[in-house]
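Working notes, beginning with the structure itself.
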Amino acid sequence: MTYFLQQLINGLQLGFVYALIALGYTMVYGIVRLINFAHGDVFMVGAYLGFFAIASWRLPFPVAIVVAMVGCALLGVLIERLAYKPLRRAPRISSLITAIGVSLFLEYFTSLKFVFGPYFRAYPRPFAVRTYELAGITISNIQIIVFGVALVLMVALTLFVNRTKTGLAMRAVSFDHQTAALMGINVNNVISITFGIGAALAGAGGVLYGIAYPQINPFMGIMPGLKAFVAAVLGGIGIIPGAMLGAVIMGVVEKLTEVYISSTLRDAGAFAILIIVLLVRPSGLLGKKQKEKV
Amino acid sequence: MLLEVKDLTVDYGMVRALKEISFSVNEGEIVTLIGANGAGKTTTLKTISGLLKPVSGEIFFQGKRIDGLPGHQIVRMGVIHVPEGRKPFVDLTVEENLRLGAFTRDSGDISGALERVFKSFPRLRERLHQRAGTLSGGELQMLAMGRGLMAKPKLLMLDEPSMGLAPIMVEEIFSIIKEINQQGTAILLVEQNAFMALQIAHRAYVLETGAIVLAGRADELRDNPKVKAAYLGE
Ligand SMILES: Nc1ncnc2c1ncn2[C@@H]1O[C@H](COP(=O)(O)OP(=O)(O)OP(=O)(O)O)[C@@H](O)[C@H]1O
Ligand SMILES: [Mg+2]
């Protein structure tokens, strides 16, 4: 039982990191109906920005997270403006292919020696790892930080979307661009803001991932990106609480599959979930049963 | 002249929807644009509000050229378009819908604007925290117009406000349109219900397959035999 609880906590930790990535997928899909396949690579860039902030620039850990978030936000906005915006009226397949292109570009460009380099790097831990024992379950200060930062960001996002004027504009635009424009909303700006926020969350996720699973490389975003995408679909793509729920489930299922069944089946579990969701409930756990909104 | 449309031509790809149409709306007026299905009424409003870009022609609002401006800037100038089919944000509450209507205004002005809207549409106050998707057709039209009023329009453009409503509700909506106009807002009313539209309008234009074929005072058009035959079913 304690072993189960221990693995549950480990799974939740993973799930919280996935959640930070899944939110960007779901927000961007909600607003422009695009699966931004480059999103996992933005997460990777966030991990590297945190790496340099901690190891090279010797910044304190909270500042490193902010650096990663701001850097990724700018990258997210840049990607949207340069790659996706010109294609907004084009058939959807064009932007999907472009997304894959942007993803490959980020992976191989950052692999260059003068950028991040193609090799694995050990992630610097900004502080000594400590563990605390609680009723037989061990929790590390790293885990506490992952939970804490992810929770704060998710609460902040929820408040932003539900309580601010810009958040209201985001919800209006995700419903219908034309009608939102008739309200006087600058739709292009709202789309950019959405990409920026999604990318910032992924950036924070990258830093948390770095300190928790301390090794990074330019291709590290692929798997977490895919799993976060599955999480977003599982929760109901376009729905913010859905992404959080889906991600937590994904993290826990992955961890439990790894320790109770087989570590080689770990990733297969994620895609089994995707297939099951698509078959049984294509609109996701929190999605409406009806077809996609117009 | 509040709004002036000059030789406006609009295409959808290869299809020409408007052919050099010209018309105007003066301060304080109700002007109606009537015409059958597919005549180009919605296209006209969408082009004025910046959702469509014309092929040629010019649109002036208070003497400033607005064609080519992005939609949100046109809204800021006081040109408000209440779209065909009402287009409520169904997942949002009535209150959130109304707040979106006031998006271009300072938050300080909102409670006053809400009160103003409740005066015309008291029913919206009772429904304030309900999801817009749960409203009836008549209530949705009230919400769409209320949302438009929240922006304090100088020109309110209404696209088929009577569509799908019971006769008594149509009466109510039209009397409110008249009231809004009497309080100083100019109105550009697009309607298939020519009978009702010609009753409250000062002037009217008849649109047929993308061209204006008749124009004049509403009471004159009401007596025009062609209009009677084609649009009033007499
Ligand atoms: N998105 C579009 N793509 C192609 N053609 C369109 C599009 N929208 C409208 N049209 C065409 O443009 C013409 C004018 O359409 P519009 O919607 O302006 O008519 P309307 O007068 O508003 O008609 P209704 O009374 O049915 O609303 C029609 O022939 C229509 O088929
Ligand atoms: Mg129409």
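The values are calculated or read from the model by the stated rules, or taken from the named source; none is laboratory data. Note that the structure is a prediction, hence the values are computed from the model and not measured. Here Cβ is always computed from backbone atoms with ideal geometry, including for glycine, and neighbour counts include all displayed protein chains. All accessible areas refer to the heavy atoms of the entire protein, side chains included, with ligands and DNA or RNA removed. Shrake-Rupley method; radii C 1.70, N 1.55, O 1.52, S 1.80 Å.
Of all the listed residues (B:Thr32, B:Thr93, B:Thr42), the sole one being away from chain A (no Cβ under 13 Å) and either among the hydroxyl-bearing types (Ser, Thr, Tyr) or within 16 Å of ligand 2 (Cβ to nearest atom) (or both) is B:Thr32. Please tell me if B:Gly184 is under 21 Å from B:Leu18 (Cα atoms), of a type outside the set (A, V, I, L, M) and out of contact with any Cys (no Cβ under 9 Å at 6 or more places or on another chain). Here the answer is no, as B:Gly184 does not meet what is asked. The set of residues from the range B:156-175 being in contact with a Leu (Cβ under 6 Å, 6 or more places away or on another chain) and of a type in the set (A, V, I, L, M) comprises B:Met157, B:Leu158. Please verify whether B:Ala211 is surrounded by fewer than 17 Cβ atoms within 10 Å (Cβ to Cβ), in contact with a strand residue (DSSP E or B) (Cβ under 7 Å, 6 or more places away or on another chain) and in contact (Cβ under 8 Å) with a residue 40 or more places away in the chain, treating the condition exactly as stated. The answer is yes for B:Ala211.
Of the residues examined, A:Val146 is not one that is more than 20 Å from B:Leu92 (Cα to Cα), more than 7 Å from every other protein chain (Cβ to nearest Cβ) and either polar (S, T, N, Q) or free of Cβ contacts under 8 Å to residues at least 40 places away in the same chain (or both).
Of the helices (runs of 4 or more DSSP H) lying entirely inside the range A:110-189, the ones with 2 or more residues being exposed (fewer than 12 other Cβ atoms within 10 Å of the Cβ) and at negative phi are found at A:141-163. For the range B:78-136, a tally of residues being open to solvent by 70 Å² or more (accessible area, probe 1.4 Å) and within 16 Å of ligand 1 (Cβ to nearest atom) returns 1.
Figure legend. Inter-residue proximity from the range B:78-91: first residues over 15 Å from B:Leu189 (Cβ atoms) and of a type in the set (Phe, Trp, Tyr), second residues more than 16 Å from ligand 1 (Cβ to nearest atom) and open to solvent by less than 20 Å² (accessible area, probe 1.4 Å), beta-carbon distance below 8 Å, spacing 6+ or different chains. Indicated pairs: B:Phe89/A:Ala172; B:Phe89/B:Asn97; B:Phe89/B:Leu100; B:Phe89/B:Ala132. Criterion applied to B:Lys178, B:Lys152 was being open to solvent by 60 Å² or more (accessible area, probe 1.4 Å), more than 12 Å from the chain's Cα centre (by Cα) and within 14 Å of chain A (Cβ to nearest Cβ), and the one residue passing it is B:Lys152. Scanning the range B:96-111 for residues that are among the hydroxyl-bearing types (Ser, Thr, Tyr), in a helix (DSSP H, G or I) and facing chain A (nearest Cβ under 9 Å) yields a count of 1.
Please work out which residue is farthest from the other protein chains (Cβ to nearest Cβ), limiting yourself to the range B:155-170 and to residues that are open to solvent by 20 Å² or more (accessible area, probe 1.4 Å) and within 16 Å of ligand 1 (Cβ to nearest atom).
Looking only at the range B:155-170, we keep the residues that are open to solvent by 20 Å² or more (accessible area, probe 1.4 Å), and these are B:163-169.
Pick out the ones that are also within 16 Å of ligand 1 (Cβ to nearest atom) and you get B:163-165.
Working: B:Met163: 16, B:Gly164: 18, B:Leu165: 20 Å.
Result: B:Leu165.
Scanning the range A:236-268 for residues that are crowded, with 20+ Cβ neighbours inside 10 Å and free of Cβ contacts under 8 Å to residues at least 40 places away in the same chain gives a single hit, A:Thr257. Might you check whether a residue that is surrounded by fewer than 15 Cβ atoms within 10 Å (Cβ to Cβ) and polar (S, T, N, Q) occurs anywhere in the range B:53-72? Yes, that holds for at least one residue. Taking first residues from the range B:183-198 that are in a loop (DSSP other than H, G, I, E, B) and partners that are away from ligand 1 (no atom under 15 Å from the Cβ) and open to solvent by less than 20 Å² (accessible area, probe 1.4 Å), the Cβ contacts under 6 Å between residues at least 6 apart in sequence or on separate chains come to B:Thr185/B:Pro153; B:Thr185/B:Leu156. Evaluate the range B:167-175: report whether one residue or more is assigned to a loop (DSSP other than H, G, I, E, B) and either at negative phi or within 16 Å of ligand 2 (Cβ to nearest atom) (or both). No: the range B:167-175 contains no residue that is assigned to a loop (DSSP other than H, G, I, E, B) and either at negative phi or within 16 Å of ligand 2 (Cβ to nearest atom) (or both).
Screening the range B:1-28 for residues that are of a type in the set (Gly, Ala, Ser) and away from chain A (no Cβ under 14 Å) and picking the one that is farthest from ligand 1 (Cβ to nearest atom) gives B:Gly28. Considering every residue within the range B:47-57, establish whether at least one is facing another protein chain (nearest Cβ under 10 Å), more than 15 Å from ligand 2 (Cβ to nearest atom) and at pLDDT 95 or above. Yes, that holds for at least one residue. Looking at B:Ala144, B:Ala132, just one residue is in contact with a strand residue (DSSP E or B) (Cβ under 9 Å, 6 or more places away or on another chain), within 18 Å of A:Asp176 (Cα to Cα), aliphatic (A, V, I, L, M) and within 16 Å of ligand 2 (Cβ to nearest atom), and that residue is B:Ala144.
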